[in-house]
Protein chains: 2
Amino acid sequence: MSETPDLAPVLAAGWSLSADQRAICKTYRFPDFVAAFGFMTRAALWAEKWNHHPDWRNSYGLVEVTLTSHDAGGLTARDLKLAQKMDALA
Amino acid sequence: MSETPDLAPVLAAGWSLSADQRAICKTYRFPDFVAAFGFMTRAALWAEKWNHHPDWRNSYGLVEVTLTSHDAGGLTARDLKLAQKMDALA
């Protein structure tokens, strides 16, 4: 890793560290597809604005997010920033 | 399955049948996140309109789609209709 960000805030907010410690993951549950995809659309705009994009999957009201900095080979401050933005948007 | 749809058209269009034959899958590749998420947004509007939603994952320009009719326990004509719409939107 090129940076060693402090993970405590996002872990406290319900994110979990992947087994290889190179990514953080969170599952959001919404009442329906409109709510789930609405969240994804808001998050997508910030992701594109910051040029830092999530790996994510969606099934109806469920959105599973994985964040990592592919170019850095692990977690950076950019992941924490996007994680906290996604929490604020959810 | 409550229906036995003719899969030939979607298989010819690059969809593949899952091992348990209850779903069809396709991977779309776009040049960037804007193109990929733009496709997802267009498809999401049709999915919601038809009340038939994809299971899908996205990583930057990649979109992996799985279609099945959960309520029917397998593939129905609704999956083929959405598959063909997604191909038209991609």
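Averaged across A:51-57, how many Cβ atoms of other chains sit within 10 Å of each residue's Cβ atom? If you can, show how the numbers build up before the last one.
Working: counts 1, 1, 8, 4, 5, 4, 7.
So the per-residue partner count for this stretch is 4.
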Could you work out, residue by residue across A:42-49, how many beta carbons of other chains sit within 10 Å of that residue's beta carbon, and then give the average as an integer?
2
Given Cβ point charges of +1 (Lys, Arg) and -1 (Asp, Glu) and nothing else, what value in debye, to the nearest 20, does the dipole of segment B:30-90 about its Cα centre take?
180 debye
Compute the distance in nm between two label points, each set 7 Å from the Cα along the Cα-to-Cβ direction, one at residue B:77 and one at residue A:27.
3.5 nm
I need the fraction of alpha carbon pairs in segment B:1-76 separated by more than 13 Å, rounded to a whole percent.
69 percent
Could you give the angle, 0 to 90 degrees to the nearest 10, between helix A:77-89's Cα long axis and the longest principal axis of the Cα atoms of chain A?
20 degrees
At a Cα cut-off below 30 Å, give the lysines reachable from residue A:81, other chains included and same-chain residues fewer than 8 away excluded.
A:26, A:49
Estimated FRET transfer efficiency (residue B:8, residue A:7; beta-carbon r; R0 41 Å; 0.05)
0.25
Select from chain A those GluC sites (Glu not before Pro) which occupy a DSSP coil region and have at most 15 other Cβ atoms within 10 Å, ordered by residue number.
A:3
Under the 7 Å Cα-to-Cβ spin-label approximation, residue A:49 and residue B:34 lie apart by a distance in nanometres of 1.6 nm
Since chains A and B are linked by a rotation, which residue in A has the beta carbon closest to its axis, and how far is it in Å?
A:57, 2
For segment B:56-80 and segment A:1-42, compute the distance between their C-alpha centroids and round to whole Å.
23 Å
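Laboratory data are not the source of any read-out in this text; all were calculated from the coordinates shown. All values reported here derive from a predicted model rather than from experimental measurement. Using ideal geometry, Cβ is built from the backbone for each residue, glycine included, and neighbour counts are taken over all protein chains shown.
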